[in-house]
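Remarks on the structure that follows.
The values are calculated or read from the model by the stated rules, or taken from the named source; none is laboratory data. Please read these numbers as outputs of a predicted model, since none were measured by experiment. We place every Cβ from the backbone using ideal geometry, glycine too, and count neighbours over all the protein chains shown.
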Amino acid sequence: MRDDSLASLRLMPSVARPEQVFVRGQGSWLWDSEGRAYLDFTQGWAVNSLGHSPRVVVEALQRQAERLLNPGAAYYHPGLLKLAGRLCEATGSDQAYFVSSGAEACEGAIKLARKWGQRHREGAFTIVTARHSFHGRTLGAMSASGKPAFQQLFEPKLPGFEKVPYNDLEALAQAIDAHTVAVMLEPVQGEAGVIPATLDYLQGVERLCRSRGVLLILDEVQTGIGRCGALLAEELYGVRADIVTLGKGLGGGVPLAAVLARGNACCQEPGEQGGTHHGNALMLAAGLAVLKTVLEPGFLEQVRELGEHLRDGLALLARRHGQGPLRGHGLLCGLPLQRLSAPAVARAALEEGLLVNAPQPHVLRFSPALTVSHANIDEMLRRLERALLRVSLTRQREALASA
């Protein structure tokens, strides 16, 4: 299909890409260079919160591009002040700092926590994180992550991270000591296969942090900005973090992320964080458009209703094919597969014109646009069923051939 194979060799390899070259997107659909349409239930790994090329973001970018792109990180501009104010008001935060990616946001949270430890906890710097967690691909974020594939990469990692089993409050309690400055967790472990924190666990973590005098950091890069049916997933659990990281959906497809701080976690001083593209006018215009849309009356209720429709459909499909059980919140769902390879199903789905993600060998992940329609969901289920049948049939033939 692709006539630029030589050009592709100029790219440093990062992921194993299929041969399709995508040239256009609208809503829940992508089109490749051959004119074929694909139903997208990955949305750039939950980045395109309002779908591909949403009008509100496109128009905001057009207006801002004609006015001001980047005055420089050392100066105020209207979008910087507006988004900081509106985001803090909407999330009950006191301060915001804008960066370009979720990994940078998690790096910023780590730095902020260690600064807080110098000021309030006699220089404590260790951060307790979870096994199988994922906080990004910068060296610091990788060091914080508990993703097994990261363990031997780019050694030596940064010191100061203690990893414990997820959803195990006793293990977490044992790991906190005088050197601990914070606990850093995802409300839902996305890369681990969409594993939500239990209610008792996350509420227990918050109580533990308060009683031990350490910070609670919630990495909401994937779960925030409406993905789970609330502006922040912490709302679903009735907890309140000291530091929250946002990314992915905040920019609606534009590189934008944020660190939110509350209370005395607001200890950043000039010169301690910075980046020449941080808080630039163009990306903040996109963020303002996304936040305004997500906060419109009825929007999050619609996300919750669509999430129920998606989960009901996936659960029915899973039961019919002996898969599951389903897990997740809102429009972030994980479907464990029994005896089938998730990457194989994802490849078969691609042949059916459906984009889904396999974060684990036996788990499919679904993160459609928050504006996905009921009809899109129903069509996805039909295409996914055909992919499951195709892989199941191939598996049966291979079993017979080897018998």
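The table below gives the values:
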| read-out | value |
| --- | --- |
| Options Ser367, Ser392: the member that is of a type in the set (Ser, Thr, Tyr), within 21 Å of Lys248 (Cβ to Cβ) and either in contact with a Leu (Cβ under 7 Å, 6 or more places away or on another chain) or assigned by TED's automatic domain parsing to the domain that holds Glu186 (or both) | Ser367 |
| Members of the stretch 28-54 that are under 10 Å from Pro368 (Cβ atoms) and in a strand (DSSP E or B) | Leu39, Asp40 |
| Test result for Gln20, of a type in the set (S, T, N, Q) and assigned to a helix (DSSP H, G or I) | no |
| The stretch 168-205 - residue that is farther than 25 Å from Leu246 by Cβ and among the aliphatic types (A, V, I, L, M) and, of those, farthest from the chain's Cα centre (by Cα) | Ala178 |
| Enumeration of residues in the stretch 265-314 that are under 17 Å from Arg86 (Cα atoms) and at pLDDT below 95 | Gly279 |
| Filtered residue count, the stretch 67-85, keeping only those that are part of a loop (DSSP other than H, G, I, E, B) and either of a type in the set (A, V, I, L, M) or surrounded by 13 or more Cβ atoms within 10 Å (Cβ to Cβ) (or both) | 7 |
| Residue among Ala399, Ala387, Ala375 that alone is within 26 Å of the chain's Cα centre (by Cα) and farther than 27 Å from Gln189 by Cβ | Ala375 |
| Conditions (1) in contact (Cβ under 8 Å) with a residue 12 or more places away in the chain; (2) surrounded by 15 or more Cβ atoms within 10 Å (Cβ to Cβ): number failed by Gly263 | (2) |
| Every pair of residues 6+ apart whose Cβ atoms lie under 9 Å, when the first sits in the stretch 234-255 and is without any contact (Cβ under 8 Å) to a residue 12 or more places away in the chain while the second is surrounded by 21 or more Cβ atoms within 10 Å (Cβ to Cβ) and among the basic types (Lys, Arg) | none |
| Count of residues meeting criterion [surrounded by fewer than 17 Cβ atoms within 10 Å (Cβ to Cβ) and either outside the structural domain of Leu381 (by TED's automatic domain parsing) or of a type in the set (A, V, I, L, M) (or both)] in the stretch 314-339 | 2 |
| Considering residues of the stretch 339-377 that are of a type in the set (S, T, N, Q) and assigned to a loop (DSSP other than H, G, I, E, B) only, the residue farthest from Thr42 (Cα to Cα) | Ser341 |
| Unique residue being surrounded by 24 or more Cβ atoms within 10 Å (Cβ to Cβ), small (Gly, Ala, Ser) and not in a loop (DSSP other than H, G, I, E, B) when the list is Gly249, Gly224 | Gly249 |
| Subset of the stretch 198-215 that is buried (at least 23 other Cβ atoms within 10 Å of the Cβ) and either touching a residue at least 40 places away in the same chain (Cβ under 8 Å) or out of contact with any Gly (no Cβ under 9 Å at 6 or more places or on another chain) (or both) - its residue that is nearest to Pro187 (Cα to Cα) | Val205 |
| Residues of the stretch 268-281 satisfying the condition of being buried (at least 20 other Cβ atoms within 10 Å of the Cβ) and either of a type in the set (S, T, N, Q) or not in a loop (DSSP other than H, G, I, E, B) (or both) | Asn280 |
| Residues (out of contact with any Leu (no Cβ under 9 Å at 6 or more places or on another chain), exposed (fewer than 15 other Cβ atoms within 10 Å of the Cβ) and either part of a loop (DSSP other than H, G, I, E, B) or of a type in the set (Gly, Ala, Ser) (or both)) located in the stretch 141-178 | Ala149, Gln151, Gln152, Leu153, Glu155, Pro156, Pro159, Asp168, Asp177, Ala178 |
| Any chance Val290 is in a helix (DSSP H, G or I), among the β-branched types (Val, Ile, Thr), assigned by TED's automatic domain parsing to the domain that holds Gln62 and buried (at least 22 other Cβ atoms within 10 Å of the Cβ) | yes |
| Qualifying residue in the stretch 91-100 (condition: assigned by TED's automatic domain parsing to the domain that holds Ala178, over 21 Å from Cys266 (Cβ atoms) and of a type in the set (Phe, Trp, Tyr)) | no |
| The one condition in (1) of a type in the set (Gly, Ala, Ser); (2) surrounded by fewer than 19 Cβ atoms within 10 Å (Cβ to Cβ); (3) within 21 Å of the chain's Cα centre (by Cα) that Ala346 fails to fulfil | (2) |
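Rundown of residues vs (1) at pLDDT 95 or above; (2) buried (at least 19 other Cβ atoms within 10 Å of the Cβ), yes/no style:
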position	(1), (2)
Val356	yes, yes
Pro361	yes, no
Asp378	yes, no
Leu389	yes, no
Arg395	no, no
Ala403	no, no
